[in-house]
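The values are calculated or read from the model by the stated rules, or taken from the named source; none is laboratory data. Just so we're clear, the structure is a prediction, and the values are computed from it rather than from any experiment. So basically every Cβ, Gly included, is an ideal-geometry build from the backbone, and we count neighbours across all protein chains shown.
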Amino acid sequence: MTIRILILTPGFPTNQDKKSYGGEFLLAEAEAYAQAGAHVRVLTPHAPGLPLHEKFPNGVEIVRFRYFFPTSQQKVRDSQPIYSRSNLLWKLLQLPFFALSFLFSIGREMRHADIVHANWTPTALLALPWQRFFKIPVVLTYRGSDLRLLPKWLNRFIIKRCAAILDVWGDTGWAIENREVYPGRYIRLPLISRTPANGRLDNQGGLWPHSEKHFVFVGRLVSGTTIENLKGAKILIPAASRLHKIHDFILDIVGDGPDREFLEKQRKEYNASEFVTIHGHRHNVFPYFQNAFAVISNVGLSAVVQEAARCKKPLIMPNEASHNGKVWNHKKNAILYQPCSADALAEAMCFVLENPEESKKIAAAGYKTIKKYVKTPKEAGKEYLNAFEKIISIHR
């Protein structure tokens, strides 16, 4: 029997243009299910200019629901995350219509599914009434921003009532803590990561001469919350400027967001234009990883960490035990530095430049570590479908 999976997400990529609508990493999960033989539909908000229905070459179907008219004025879902402050007044005005439209769209689509995979706790909350009505299980993958966005009591309510929680965050500190804080039916599964083979290529190969040493940072350029500050976007250029006085290298910043203007000003203030490039958002970051000397990443098992480690590059990341947990250890499988310190980041970058052979060994250990927690779509698809079949049989 072919399992029919409905994926719920507030953002999902498109083949139509080069803008980011979030959820690029969810495409790998959808592909994994489809490759393993499932029928996969994704329900996600509509954004101006995008088709209401779209089908990827791998068979994954996308259904986008409208929530405001005229559709050209829909503001809740655009190229910025839903929780960003862009178009804030419009978002607040449209949010009730958005939630109601999402709720009823879930009901319409859920009738034709065997199981629902909700990403982020707010989408699971909207699916729970239909789980009770249709007797179709809702499984949840929490992502982090949702646990920070909603009150703890509400997240606990949602997690307790889902048919299962896909426990994909391994031995990271916050995952260990969350299993105690949010009781639920947890099922241990690997993360599913994009690979160069299944990523959407932008023909960016051969970016730089291989003789140049490039540090690469990939991520949203935003600060404010603790986790956003941990990513270290604002200390990149000060750290690079200090280190560039004694070493030659290039710093490539790949990403976009509210802090981009701040970083552009920093680059001028530090006279860093010759060795710092801000590339903006890229759909496919693998060419940057593959050509990098080392990758300056965030913490835990984030998408950047997964993809950079799979490319066997040394990871330079904040030493934050509450996120790294038992996964990352200094100079064993990653180079850790004191969070939010430009001096500490410069010192970590200097270590990689001055110890290339040891850094290669650390990168190899990092690759071995990531293989323990993360699998490709081809490797993980059957494992997920087997888990879904068990959940469906129990829920009937």
Item to check | Subset of the range 178-188 (residues that are exposed (fewer than 14 other Cβ atoms within 10 Å of the Cβ) and either among the hydrophobic types (A, V, I, L, M, F, W, C) or assigned to a loop (DSSP other than H, G, I, E, B) (or both)) | outcome: Val181, Pro183
Checklist entry - Of these, Ile192, Ile158, Ile176, which one is among the β-branched types (Val, Ile, Thr) and more than 25 Å from Arg77 (Cβ to Cβ)? => result Ile176
Next on the checklist: One residue is enough: does the range 303-323 have a residue meeting the conditions surrounded by fewer than 22 Cβ atoms within 10 Å (Cβ to Cβ), hydrophobic (A, V, I, L, M, F, W, C), within 16 Å of the chain's Cα centre (by Cα) and under 30 Å from Asn87 (Cα atoms)?
Outcome noted: yes
Next on the checklist: Can you confirm whether Asn298 is at negative phi, of a type outside the set (D, E, K, R) and more than 21 Å from the chain's Cα centre (by Cα)?
Outcome noted: no
Next on the checklist: Among the residues of the range 133-141, are any more than 12 Å from Leu6 (Cα to Cα), among the β-branched types (Val, Ile, Thr) and in a strand (DSSP E or B)?
Outcome noted: yes
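Working carefully through the options Ala175, Ala197, find the one that is in a helix (DSSP H, G or I), within 21 Å of Ile370 (Cα to Cα) and at pLDDT below 95.
Working: Ala197 fails: in a helix (DSSP H, G or I).
Answer to the check: Ala175.
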Next on the checklist: Condition first: modelled with pLDDT under 95 and either among the small types (Gly, Ala, Ser) or under 14 Å from His395 (Cβ atoms) (or both). Can you find one or more residues in the range 110-132 that meet it?
Outcome noted: yes
Next on the checklist: Considering only residues that are polar (S, T, N, Q) and at pLDDT 95 or above, which ones fall in the range 78-109?
Outcome noted: Ser101, Ser105
Checklist entry - Does any residue in the range 378-395 that is in the same structural domain as Leu26 (by TED's automatic domain parsing) and touching a residue at least 24 places away in the same chain (Cβ under 8 Å) come within less than 7 Å, Cβ to Cβ, of a residue that is in a helix (DSSP H, G or I) and small (Gly, Ala, Ser) six or more places away or on a different chain, and which pairs are these? => result Ala380/Ala32; Gly381/Ala32; Tyr384/Ala32
Next on the checklist: Quick test of your reading of the structure: Asp146 fulfils all but one of (1) touching a Ser or Thr at 6+ places or on another chain (Cβ under 6 Å); (2) over 17 Å from Ile7 (Cα atoms); (3) among the charged types (D, E, K, R). Name the failing condition by number.
Outcome noted: (2)
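For every residue, the table says whether it meets (1) modelled with pLDDT of 90 or more; (2) over 22 Å from the mean Cα position of the chain (by Cα).
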position: Tyr21; (1), (2): no, no
position: Phe25; (1), (2): no, no
position: Tyr33; (1), (2): yes, no
position: Ala38; (1), (2): yes, yes
position: Arg64; (1), (2): yes, no
Checklist entry - Any residue at all in the range 51-61 that is closer than 18 Å to Met110 by Cβ, β-branched (Val, Ile, Thr) and either modelled with pLDDT under 90 or not in a strand (DSSP E or B) (or both)? => result yes
Checklist entry - Quick one: is Leu128 surrounded by 15 or more Cβ atoms within 10 Å (Cβ to Cβ) and part of a strand (DSSP E or B)? => result no
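Considering only the range 255-262, I want to know if a residue exists there that is touching a Pro at 6+ places or on another chain (Cβ under 8 Å) and either surrounded by 17 or more Cβ atoms within 10 Å (Cβ to Cβ) or not in a helix (DSSP H, G or I) (or both).
Scanning the range 255-262, I find no residue that is touching a Pro at 6+ places or on another chain (Cβ under 8 Å) and either surrounded by 17 or more Cβ atoms within 10 Å (Cβ to Cβ) or not in a helix (DSSP H, G or I) (or both), so the answer is no.
Do we have any residue at all in the range 343-350 that's in contact with a Ser or Thr (Cβ under 8 Å, 6 or more places away or on another chain), in a helix (DSSP H, G or I) and not charged (D, E, K, R)?
There is no residue in the range 343-350 that is in contact with a Ser or Thr (Cβ under 8 Å, 6 or more places away or on another chain), in a helix (DSSP H, G or I) and not charged (D, E, K, R).
May I ask you to list the residues in the range 91-109 that are of a type in the set (D, E, K, R) and within 21 Å of His395 (Cβ to Cβ)?
Matches in the range 91-109: Arg108, Glu109.
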Checklist entry - Yes or no: Ile136 touching an Asp or Glu at 6+ places or on another chain (Cβ under 8 Å) and modelled with pLDDT of 95 or more? => result yes
